[in-house]
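Take a look at the structure set out below.
The values are calculated or read from the model by the stated rules, or taken from the named source; none is laboratory data. These numbers come from a predicted model, not from an experiment. Neighbour counts are summed over all protein chains in view; Cβ atoms, including those assigned to glycine, are modelled from backbone coordinates with ideal geometry.
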């Protein structure tokens with residue numbers, strides 16, 4: 001339950017849950033790991049729960065539990081191959097996780113790929129458990145990925161044989177060259193890039209990353225787009241003004257289609273808005289959640 005009196009939150013704790021036959025890893029912080037009114041954070045490709053590190057403590061001050069999840073095939077969760085790591089596949093496993101943890105009245109927050117997963121959960125698979133939806137530079141409608149991010153020539157990368165035709169070292173070089181394009185602070189981002197790319201630096205990592213890319217399917221992301229206008233839940237849309245990967249026109253379309261949604265545009269921020277402007281993102285989240 002959410003308490004009326006704020007409590008001092010403990011440091012984040014990493015935990016493991018077993019869903020289907022996979023281990024899902026997540027970081028949790030706040031009052032004190034309660035299940036009602038929890039804030040759940042879902043990351044983008046090719047990152048993990050770590051991207052929320054600067055935002056989680058600020059959300060925990062709202063006196064709610066905050067869960068940042070490594071989705072299947074990312075971070076410290078299992079990296080199965082083959083597996084369904086499409087937005088629908090992720091949502092299917094997370095539905096079971098929410099049930100296992102007994103999370104209710106969830107404030108569901110998704111960035112990029114995590115945003116398309118959140119849409120499936122909020123409109124279809126966990127509709128009764130989700131109280132509000134936040135989409136941050138989200139994949140949506142027919143736009144499930146950018147052609148030149150997080151790797152160049154993404155269409156070619158979706159070919160089933162692409163992993164066999166790509167050496168690990170070449171893929172890692174491409175990641176190092178292209179990922180900074182998602183940030184408006186690309187020079188500073190380089191120092192933190194290992195968090196994003198080290199998990200892919202093996203033959204298994206390569207296969208799993210290509211699997212993620214292969215399953216970035218516009219038909220899947222578009223299949224729930226029409227549901228958003230009848231979702232009937234409070235919604236917040238946060239977008240980096242200079243996002244070159246998920247253009248601002250997508251945020252404006254979401255805002256038009258989701259009744260009474262809020263739109264917050266973060267200046268001088270790119271697609272990696274959680275890196276470029278974590279305090280601005282946290283402030284928008286705190287204001288929105290505080291008004292629920």
Evaluate the following for residue 263: is it without any contact (Cβ under 8 Å) to a residue 40 or more places away in the chain, touching a helix residue (DSSP H, G or I) at 6+ places or on another chain (Cβ under 6 Å) and assigned to a strand (DSSP E or B)? yes
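Working carefully through the options 83, 91, 118, 132, find the one that is closer than 29 Å to residue 147 by Cβ and touching a strand residue (DSSP E or B) at 6+ places or on another chain (Cβ under 6 Å).
Numbers: 83 fails: touching a strand residue (DSSP E or B) at 6+ places or on another chain (Cβ under 6 Å); 91 fails: touching a strand residue (DSSP E or B) at 6+ places or on another chain (Cβ under 6 Å); 132 fails: closer than 29 Å to residue 147 by Cβ.
That would be 118, the only listed residue that is closer than 29 Å to residue 147 by Cβ and touching a strand residue (DSSP E or B) at 6+ places or on another chain (Cβ under 6 Å).
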Tell me yes or no: at least one residue of the stretch 237-245 is farther than 22 Å from residue 186 by Cβ, at pLDDT 95 or above and out of contact with any helix residue (DSSP H, G or I) (no Cβ under 9 Å at 6 or more places or on another chain). no
Within the stretch 128-148, can you find the residues that are surrounded by 23 or more Cβ atoms within 10 Å (Cβ to Cβ) and part of a strand (DSSP E or B)? 133, 134, 135, 136, 140
Report, by residue number, each residue of the stretch 191-207 that is over 19 Å from residue 181 (Cβ atoms) and either surrounded by 14 or more Cβ atoms within 10 Å (Cβ to Cβ) or in contact (Cβ under 8 Å) with a residue 40 or more places away in the chain (or both). 199, 201, 204, 205, 206, 207
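Yes/no matrix, rows are residues, columns are (1) closer than 23 Å to residue 50 by Cα; (2) buried (at least 22 other Cβ atoms within 10 Å of the Cβ); (3) free of Cβ contacts under 8 Å to residues at least 24 places away in the same chain; (4) in contact with a helix residue (DSSP H, G or I) (Cβ under 9 Å, 6 or more places away or on another chain):
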position: 185; (1), (2), (3), (4): yes, no, no, yes
position: 209; (1), (2), (3), (4): yes, yes, no, yes
position: 234; (1), (2), (3), (4): no, no, no, yes
position: 256; (1), (2), (3), (4): no, no, yes, no
position: 288; (1), (2), (3), (4): yes, no, no, no
Do you know which residues across the stretch 183-204 are closer than 14 Å to residue 172 by Cβ and over 21 Å from the mean Cα position of the chain (by Cα)? 201, 202, 203, 204
Search result, residues across the stretch 94-112 that are touching a strand residue (DSSP E or B) at 6+ places or on another chain (Cβ under 8 Å), more than 13 Å from residue 237 (Cα to Cα) and not in a strand (DSSP E or B): 94, 96, 97, 98, 100, 101, 103, 105
